[in-house]
Amino acid sequence: MFASSIYLIKALFEKFNQIIKTFSKDSQFIIVTHNKRTMASTDLMYGVTMREQGVSMVVPVDLRGLD
């Protein structure tokens, strides 16, 4: 059962990524994820890190020029 669940989850993420790509032509999305395939399908990511206790920092990563 576990192996079949993994394939279902991968298929759902692929479908989700396709839907986001389709709608992103006319819209913008904010997606909070750790899914590597979802992150790989983006053009621009923002990470949040805490360099020192209590101080958060936003780190932008522009992937548009890496093709």
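Can you list the HN-Hα couplings for region 42-51, worked out from phi with the Karplus curve (6.51, -1.76, 1.60; θ = phi - 60°), rounded to whole Hz and with x for Gly and Pro?
9, 9, 8, 10, 10, x, 10, 10, 10, 6
Can you tell me the alpha carbon radius of gyration of the chain divided by the globular rule-of-thumb value 2.2 N^0.38 Å?
1.39
Suppose each label sits 7 Å from its Cα in the direction of the beta carbon; what would the ARG51-ARG37 distance come out to in nanometres?
3.6
To the nearest 20 Debye, how big is the dipole of the chain about its Cα centre, given +1 on the beta carbon of each Lys and Arg and -1 on that of each Asp and Glu?
Computed charge dipole of the chain: roughly 220 debye.
How long is the gain from ASP62 to PHE13 if the chain were fully straight, where each residue apart is worth 0.36 nm and the alpha carbon distance is subtracted?
Roughly 15.4 nm would be gained on extension.
Could you grab the relative contact order for the chain? Cα pairs under 8 Å, six or more apart, rounded to a whole percent.
The normalised contact order for the chain reaches 21 percent.
Values quoted throughout were computed directly from the atomic coordinates according to the rules given, and no laboratory measurement underlies them. The structure displayed is predicted, hence computed values, not measured ones. Every residue, glycine among them, receives a Cβ derived from its backbone with ideal geometry; neighbour counts consider all protein chains shown.
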